[in-house]
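Trainee: Pasting in a structure now, in structure tokens, and then I'll have a few things to ask.
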Amino acid sequence: MSDTQTFLDTLATRSQQRAGEPTWIAARRQAGAARFEAMGFPTRRDEEWKYTDVRAIAQGNFALAENAEFSQAQAAALTLPLDAYRLTFVDGVFSAALSDLDTLPDSVQVMPLSKALTDNHEAVGGPLGRLTGVDFSTFAALNTAFMEEGAVVRIAPGTVVEKPILLQFLSRAGTPVMSHPRILVEAAGRSEATLIEHYVGEADAANFTNVVAELMLDRGAVLNHYKLQEAPIGDLHVASIHVEQNRDSRYTSYNLNLGGVLVRNDLISDLNGQGAETNFYGLFFGQGRQHVDNHTKVNHNAPLTFSNENYKGILDDRAHGVFNGKVYVKRDSQKIEGFQSNQNLLLSDRAQIDAKPELEIYADDVQCAHGASVGQLDENARFYMAARGLPPETIRRLLVQAFIGDATRELADEATREALLEKALDKLEERA
């Protein structure tokens with residue numbers, strides 16, 4: 001049996017349970033399945049996947065979860081203690097009991113995709129799949145084929161959402177399952193919001209999560225987007241995030257990866273209007289044999305646009321990190337600024353990083369720069385601190401905290417910044 005056939009068989013069984021759904025949804029699922037079957041899973045012969053082996057996914061035997069049974073106590077032990085509008089999924093299944101949207105203002109819609117497709121599927125049909133189609137990747141096609149749950153967020157013009165919108169995805173231990181969440185965000189003109197994605201689960205979970213997020217920012221919209229991925233060490237996580245930015249919009253991504261045995265993130269932003277600004281900040285940590293692959297791309301499709309990227313990696317044991325970032329400047333996109341930096345800290349002689357920063361420029365009046373570095377903890381600093389009586393564990397923590405602190409400095413929200421910093425340091429102390 002081919003690697004794709006197990007997934008196609010599961011899809012065929014699922015399709016029989018969806019009688020009566022709108023024709024366009026069925027057609028898109030079929031297109032996704034056909035594209036997935038034609039493409040197959042990527043191999044290391046594919047340039048975009050040359051450093052990442054996905055056989056653990058391709059050869060896995062994952063079921064689809066049928067319920068969202070998870071107690072309030074179990075959820076409370078895993079979730080972020082933030083005052084937020086909360087939408088919760090357990091193994092990809094929406095949990096109303098673990099969600100909290102009671103005080104959501106009328107100018108903001110936050111709902112599970114299943115409800116949006118039931119209540120007003122025509123409104124979802126236009127934007128869904130417009131940015132990330134089935135041709136983007138095997139995993140985007142697979143997500144489309146299984147597309148049935150996720151989150152839809154709509155923010156009315158001029159609305160400032162006071163509290164974060166938290167999408168939390170909980171993973172249970174037991175029979176390995178897969179989920180394919182779809183996230184759709186439409187931020188209308190001059191609106192402002194903070195969106196947090198949080199992936200976490202029980203310690204022994206070994207599930208597969210395949211996310212596609214499409215974020216659309218209208219003129220002057222501001223979206224701060226935090227993704228905290230601290231899935232159990234046995235989980236497999238693939239995510240595609242595609243952002244469309246119109247004139248004078250501002251998008252800021254902070255991507256913190258702490259968990260999962262195999263992680264792949266694709267983050268793309270299209271700057272389509274003058275004055276648009278995008279900021280990518282990332283921190284990834286790997287230990288044991290974790291593999292974390294971050295691919296980013298900023299498309300300067302209009303003049304007078306700005307991008308800034310700062311990704312940092314910390315790798316221990318035999319962990320393997322990948323950073324592939326590209327800044328693309330379209331012809332005649334003059335007077336743009338695009339900056340990119342990737343710094344990596346190796347805590348073990350056996351840890352490995354493959355870094356590939358890229359610039360592709362077809363305009364002549366631009367300011368662009370990129371760079372990457374790989375190093376270890378400063379021996380002079382370690383000697384200096386040890387000479388003053390500090391134990392090795394404390395020295396390690398302080399030096400790593402300084403490295404991390406520089407990566408989190410740009411976070412606007414102090415409470416979120418401190419919470420993420422503590423998460424990263426706690427993860428390091430598990431190994432120390």
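Trainee: So what is the accessible area of segment 87-145 per residue, in Å², with the probe set to 1.4 Å?
Mentor: 40
Trainee: Okay, helix-only estimate at 222 nm for the chain: each DSSP H run of n ≥ 4 adds -39500 (n - 2.57), divide by all residues, round to 500 deg cm²/dmol; what do you get?
Mentor: -7500 deg cm²/dmol
Trainee: Moving on to the next point. For segment 297-370, what is the accessible area per residue in Å², given a 1.4 Å probe and the full set of protein chains?
Mentor: Ligands and nucleic acids excluded, the result is 42 Å² per residue.
Trainee: So what J values fall out for segment 365-372 if you push phi through Karplus, 6.51 cos²θ - 1.76 cosθ + 1.60 with θ = phi - 60°, rounded to Hz, Gly and Pro as x?
Mentor: Ordered by residue, 3J(HN,Hα) equals 10, 9, 10, 9, 8, 8, x, 9 Hz.
Trainee: If we count every other residue with Cβ under 13 angstrom of Gln168's Cβ, Lys/Arg +1 and Asp/Glu -1, where does the sum land?
Mentor: -2
Trainee: What does the charge add up to near Ala302, with Lys and Arg as +1, Asp and Glu as -1, over the other residues with Cβ less than 14 Å from its Cβ?
Mentor: So the surrounding residues net to -2.
Trainee: Could you tell me the calculated FRET efficiency between Ala12 and Arg331, based on Cβ-Cβ distance and R0 = 45 angstrom, to the nearest 0.05?
Mentor: It comes out at approximately 0.50.
Trainee: Calculate, for Ala123 and Glu422, the FRET efficiency according to 1/(1 + (r/R0)^6) with r their C-beta to C-beta distance and R0 30 Å; round to the nearest 0.05.
Mentor: 0.15
Trainee: For segment 173-215, what is the accessible area per residue in Å² when the probe is 1.4 Å?
Mentor: Result: 25 Å² per residue.
Trainee: Which of the DSSP-defined H helices in the chain satisfy a minimum axial length of 20 Å, computed from C-alpha atoms, and a minimum mean Kyte-Doolittle hydropathy of 0.0?
Mentor: Helices passing the filter in the chain: 392-408.
Trainee: Just grab the label-to-label distance for Arg44 and Arg219, each label 7 Å out from Cα along the Cβ direction, in nm (one decimal).
Mentor: So the label points at Arg44 and Arg219 sit 5.1 nm apart.
Trainee: With the full set of protein chains in place, find how many percent of the accessible area of segment 72-139 is carbon and sulfur; take the probe as 1.4 Å.
Mentor: Carbon and sulfur: 52 percent of the exposed surface of segment 72-139.
Trainee: If I stretch the segment between Ala387 and Glu360 completely, what's the gain in nm (0.36 nm per residue apart, minus their alpha carbon distance), one decimal?
Mentor: 4.9 nm
Trainee: Excluding Asn67 itself, what net charge comes from residues whose Cβ is under 11 Å from its Cβ, given Lys and Arg +1 and Asp and Glu -1?
Mentor: Residues close to Asn67 contribute a combined charge of -2.
Trainee: For Leu347, what accessible surface area do you get with a 1.4 Å probe? Give it in Å², rounded to 10.
Mentor: 40
Trainee: Further, regarding this structure: Mind ranking Leu315, Leu377 by accessible surface for me, highest first, 1.4 Å probe?
Mentor: Ranked list, largest accessible area first: Leu377, Leu315.
Trainee: Let me ask you something else. Need one number: nm distance between label points at Glu21 and Val160, each 7 Å from Cα along Cα→Cβ, rounded to one decimal.
Mentor: 4.0
Trainee: Continuing with the same structure: Return the subset of Lys163/Lys326; Lys115/Lys163; Lys227/Lys356; Lys115/Lys297; Lys115/Lys326 for which the Cα-Cα distance in this structure is over 28 Å, preserving the input order.
Mentor: Violating the 28 Å Cα-Cα cut-off are Lys163/Lys326; Lys115/Lys297; Lys115/Lys326.
Trainee: In whole percent, how big is the carbon plus sulfur part of the accessible area of segment 291-387, probe 1.4 Å, protein atoms only?
Mentor: 44
The values are calculated or read from the model by the stated rules, or taken from the named source; none is laboratory data. Note that the structure is predicted; figures quoted are calculated from it, not measured. No Cβ is skipped: glycine too gets one built from the backbone with ideal geometry, and neighbour counts run over all protein chains shown. Ligands, DNA and RNA are excluded from the accessible area calculation, which covers all protein heavy atoms including side chains. Shrake-Rupley method; radii C 1.70, N 1.55, O 1.52, S 1.80 Å.
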